[in-house]
Amino acid sequence: MQSNPTRWQTQTHTEFVDYYARQSLTPESQERSRRLRDKLLAFHGQGCAPLNVADIGCNAGTQSRVWAELGHHVYGIDINQDLVQIAHQRLREADLPAAFQLASATALPFPDASMDICIAPELLEHVADWETCLEEFARILRPGGILFLSTTNRLCPVQHEFALPLYSWYPGPLKRHYERLAVTTRPELANYAAYPAVNWFTYFQLRDFLSRYRMQSYDRFDSMDARQSLLRRLALTVIRRIPPVRLLAHVFSPSTALIARKFSP
């Protein structure tokens, strides 16, 4: 299935591109990317063999870079032409191989069962047809492949998509009102994004949807490293064992994070 980027708005405000180009170079951003890479490698469990990695919504290429540093085969896509060009230039200057192209997450330009890892950070909330995105992620993964998602959290009043208090708890019609403003007269409300967040999820919603595609999901608390302080270990034990406490912990998490493994037919 091939994408058709001419159907999409592939260029956006200079402020949006500049912001993400700067943020991607910060030490904090690079360290987060390496921690995520190492966590997903541990989940995959295939040792040191090079993996095929799809970086969906690759932005300026920070996540792609940390996988390429270890010799993995990286394929990045984004709907923003300027960010794709920045990602390509940065990895070329670092003499790291990676393939970047302009494409939509609703029609990934990869064959079925061709990827070992699929990463889609902070993307699903911006695509109205999010169900097709998840179908595409499952399609391109091989059995045993790992999917990582991070997106909005409908349960938590704290969010970073709109410069408005408690926005994730707004009723649907009010959200639609501010979405229209963000793409017309008030782009600063959504950090000048061409596609502001239009979807708000819970982990449980995404888990149930992915189960249709032979995907077993794990939330942020399942994947957290418990080898920390005694207090952290105790807190994780309580969250993992008592469902109402786990739900409350999700309410206090500003984003939804999920790792899922695809099983054989």
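Read-outs throughout are calculated quantities, based only on the coordinates presented, and are distinct from any laboratory measurement. Since the model is a prediction, treat every value here as computed from it, not as a measurement. Here the Cβ positions follow ideal geometry from the backbone for every residue, glycine too, while neighbour counts run over all protein chains shown.
What do you get for Rg/Rh of the chain when both radii come from the Cα atoms and Rh is the Kirkwood radius?
Radius of gyration over Kirkwood radius for the chain works out to 0.95.
Regarding the range 16-61, what's the average projected area of the Cα-atom convex hull, expressed in nm²?
Average of the hull's projected areas for the range 16-61 equals 3.7 nm².
Longest span of the chain, sites excluded, free of chymotrypsin sites (Phe, Trp or Tyr not before Pro) in DSSP loop with at most 14 other C-beta atoms within 10 Å?
1-251
Hey, what did the chain get for relative contact order, percent, Cα under 8 Å, at least 6 apart?
Normalised by residue count, the contact order of the chain is 19 percent.
Can you work out D for the range 187-265 in µm² s⁻¹ from Stokes-Einstein, where Rh is the Kirkwood radius over C-alpha pairs, the temperature is 10 °C and the viscosity is 1.306 mPa s?
Estimated via Stokes-Einstein, D reaches 108 µm²/s.
Report the trypsin sites (Lys or Arg not before Pro) located in the range 169-199 that are in a DSSP loop and have at most 16 other Cβ atoms inside 10 Å of their Cβ, or state none.
Sites meeting the loop and neighbour criteria: none at all.
What is the spread of the Cα atoms of the range 66-152 along each of their three principal axes, largest first, in whole Å?
Principal extents (Cα only, largest first): 36, 29, 23 Å.
Once you keep just the Cα pairs under 8 angstrom separated by 6 or more residues, what percentage relative contact order results for the range 114-194?
25
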